[in-house]
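Encoded as structure tokens, the structure appears first; notes follow it.
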Amino acid sequence: MSENKESLLLRLAKYLLPILVVIAALGLIASAFIFKPVPEKKATTQILPVVEVIEASSQPITLESKSQGIVESRTETLLVAEVTGRIQSISNSFFAGGYFKKGDPLVEIDAVDYRANLAVAKSRLAEARLAYEQEKALADQAREDWESFGRGEGSDLALRKPQLEKAEALLESAQAGVEMAERDLERTVVRAPYDGRIREKFADIGQMVSARQTQLARIYSTDTAEIRLPISLKDIEYLELPETYSNGTTNVSKPRVVVRGTYGAEQYEWEGVIDRTEGAIDPKTRLSYVVAKIEAPYRKKENTNRPPLKIGLFVEASIEGKRIDKAFRIPRRALRENDTVYTVNREKQIVFKHVDVYKVDTEWAIITAGLEDGDRICITPLEYAVMGMQVELQETDPVEIK
């Protein structure tokens with residue numbers, strides 16, 4: 001009997017125990033939901049993009065075009081010996097970088113032989129002049145004798161005309177010989193043809209030189225410097241360049257140009273003008289070339305340590321262009337696609353404005369219409385923007401661009 005009772009209890013435990021476990025688990029889950037803490041409710045906040053703005057301000061604007069080039073001399077000359085001989089002396093400024101004035105003696109060649117040649121030539125001239133005068137007197141006498149005793153027209157030989165012509169030719173030859181001897185003597189002193197500077201020196205004292213063969217030095221003028229500047233065909237529209245036409249008409253406009261060169265860590269400026277426009281466009285680059293002229297590039301500027309504008313220096317140039325009476329200059333990054341500018345109104349909302357763009361370069365855009373004075377222009381890049389989008393401004397006053 002007891003065995004049957006134990007068996008019944010085991011069967012009840014076998015079926016009731018899982019049910020009790022499930023009921024307990026459900027109770028725990030229910031109590032967790034009932035007694036869980038209620039989270040504190042917070043107000044939702046909207047995060048707005050923060051943008052930087054500048055204030056639009058119209059003003060007269062003078063356009064400019066950027067270019068670059070290498071400084072060159074206006075005139076460069078290779079000095080060559082015109083007579084043969086030994087260099088007797090040279091000027092104290094006859095070295096690479098030395099300055100000279102027009103007419104200064106640079107090199108002197110031994111002139112003893114050329115003074116002797118001049119003396120011989122003058123002696124021959126004196127003999128030829130004497131012979132000519134004697135023959136002229138004989139011809140006059142022959143003409144008088146023929147007129148007194150002769151009949152009819154006398155022959156040229158009887159009147160000594162051929163002899164007189166020969167004496168006259170010998171006199172002219174002797175005079176030319178003197179001129180050549182004087183010229184050769186003068187050429188023993190090599191003089192500067194203009195104010196300039198020596199670029200390279202090829203000869204020195206004691207060196208034997210040959211006429212029209214030996215190079216003495218390479219020199220260049222210092223009155224002006226020139227810079228050949230490439231200009232794109234698009235930028236020509238904004239400039240007033242000097243042009244010459246086949247019928248003689250000339251556009252005498254010579255815009256101002258400022259060139260900047262770097263010596264070490266310092267940058268210096270020189271002012272000049274665009275002197276002329278070259279007559280062809282480069283077929284490879286499709287660029288036109290203008291030539292800038294800088295006066296007195298080696299003159300020291302007062303109260304500055306600016307160095308000379310030396311040939312070979314690489315410079316950047318800003319060419320003054322046309323003037324616009326009223327326009328806006330804005331940073332290039334403020335111009336969006338399709339010639340659109342983002343502005344921010346008083347309610348701090350983005351407003352799209354379509355503008356007329358006159359000129360764009362790597363830094364600035366020139367706007368002639370579509371903006372008004374006081375417009376706040378957004379210059380912060382926005383990945384996504386829609387008309388009327390709310391924004392926040394940086395805690396700085398709008399910057400006025402001039």
Worksheet item: When you go through Tyr245, Tyr238, Tyr220 one by one, which is the residue that is at pLDDT below 85 and under 25 Å from the mean Cα position of the chain (by Cα)?
Response: Tyr245
Worksheet item: Across region 105-139, which residue is modelled with the lowest pLDDT among those that are among the small types (Gly, Ala, Ser), surrounded by 14 or more Cβ atoms within 10 Å (Cβ to Cβ) and over 30 Å from Ala217 (Cα atoms)?
Response: Ala139
Response to the item:
Quick count over region 257-299, residues being over 21 Å from Tyr220 (Cα atoms) and outside any strand (DSSP E or B), is 7
Practice prompt. Return the total of residues in region 188-213 being surrounded by 17 or more Cβ atoms within 10 Å (Cβ to Cβ), assigned to a loop (DSSP other than H, G, I, E, B) and not hydrophobic (A, V, I, L, M, F, W, C).
Written response: 1
Worksheet entry | Pick from region 301-322, criterion modelled with pLDDT under 90 and either within 21 Å of the chain's Cα centre (by Cα) or surrounded by 11 or more Cβ atoms within 10 Å (Cβ to Cβ) (or both), ranking: nearest to Ser58 (Cα to Cα) | Lys322
Fill in: Test: Arg183 is touching a helix residue (DSSP H, G or I) at 6+ places or on another chain (Cβ under 7 Å), exposed (fewer than 15 other Cβ atoms within 10 Å of the Cβ) and closer than 30 Å to Phe100 by Cβ
no
Response to the item:
The number of residues in region 267-298 that are farther than 29 Å from Ile61 by Cβ, surrounded by fewer than 12 Cβ atoms within 10 Å (Cβ to Cβ) and not aliphatic (A, V, I, L, M) is 4
Worksheet, complete the sentence: Counting only strands (runs of 3 or more DSSP E) wholly inside region 47-104, the ones holding at least 2 residues that are within 28 Å of the chain's Cα centre (by Cα) and surrounded by 17 or more Cβ atoms within 10 Å (Cβ to Cβ) are 59-73
Worksheet item: Do you know which of the residues in region 325-357 that are within 27 Å of the chain's Cα centre (by Cα) and touching a residue at least 60 places away in the same chain (Cβ under 8 Å) is farthest from Glu392 (Cα to Cα)?
Response: Arg329
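The values are calculated or read from the model by the stated rules, or taken from the named source; none is laboratory data. All of these numbers come straight from a predicted model, not from anything done at the bench. Glycine gets a Cβ as well: all are built from the backbone with ideal geometry, and neighbour counts include every protein chain shown.
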